[in-house]
Amino acid sequence: MSTVSSFTLAEKAKYMHLALKEAKKAKTLAEIPIGAVIVRNKQVIASGYNLRETTKDATTHAEMTAIRNANKILDNWRIENAAIFITVEPCAMCSGALLLSRINEVYFGAYNPKGGSAGTVIDLFDISAFNHKAYVEGGVLEKECAQLISEFFYKKR
């Protein structure tokens, strides 16, 4: 596992902006606006956004959709030598899937105080018993990511 990012600040912002575009697609469907993009060799290979309400499937989080799309594109369950950019800190299900898929780097925007599993509530990425480790960095375009989700819930309530 790398202990440093393989992306510049500008590259992180670029890919998080793409994840925000994915999140806005979810918002147009009245879904919780969370988006994700998977990057390999500095190219986006897959993306996804939250679709739980649309699909009536609890597993169709942005990360899970992006992972499934990458699996199809790569024709492999492993997504090695890749990074994911997510607008909100992943939950336990998504963190587990990211570890199982062998993604090397995980970047997220807004912290998730009610279910974040990359350090806020629990840190699944810091369990030494797991055979895969990933570099994790939160707070990438945090203000923009947090604002999108906050506005969504404010309008909903």
Ranked highest first by average number of other Cβ atoms within 10 Å, how do 48-56, 31-39 line up? 31-39, 48-56
Under a 1.4 angstrom probe, counting protein chains only, how are Glu89, Glu11 ranked by accessible area, largest first? Glu11, Glu89
Lys pairs under 18 Å by Cα in the range 1-86, provided they are eight or more residues apart or on distinct chains: 8
Using per-residue counts of other Cβ atoms within 10 Å, averaged over each peptide, order 59-70, 104-115, 124-135 from highest down. 59-70, 104-115, 124-135
Any idea what Rg and Dmax come out to for the chain if you just take the C-alpha atoms, in Å? 14.2, 42
With every protein chain present, what is the per residue accessible area of the range 13-131 (1.4 Å probe, Å²)? 47
With the dipole of the chain worked out from charges on the C-beta (+1 for Lys and Arg, -1 for Asp and Glu) around the Cα centre, which of Leu51, Phe85, Ile103 lies farthest toward the positive end? Leu51
Taking amide H positions as placed in the peptide plane 1.01 Å from N, state which residues far from Val106 in sequence (5 or more) or on other chains have amide H under 5 Å from it. Ile84, Tyr135, Val136, Glu137
Which value at 222 nm does the chain reach when only helices count, each DSSP H run of 4 or more adding -39,500 (n - 2.57), with the total divided by all residues and rounded to the nearest 500 deg cm²/dmol? -12000 deg cm²/dmol
Which percent of the accessible area of the chain is formed by carbon and sulfur heavy atoms (probe 1.4 angstrom)? 55
Nearest 10 degrees, 0 to 90: helix 62-74 Cα axis against the chain principal axis: 50
In debye to the nearest 20, the charge dipole size for the chain, taken about the Cα centre with +1 at each Lys and Arg Cβ and -1 at each Asp and Glu Cβ, equals 440
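The values are calculated or read from the model by the stated rules, or taken from the named source; none is laboratory data. In this text the structure is predicted, and so the values were computed from the model without any measurement. Don't worry about glycine lacking a Cβ; one is built from the backbone with ideal geometry, like all the others, and counts go over all protein chains shown. For the accessible areas, the whole protein counts, side chains as well, though only heavy atoms, and no ligand, DNA or RNA atoms are used. Shrake-Rupley method; radii C 1.70, N 1.55, O 1.52, S 1.80 Å.
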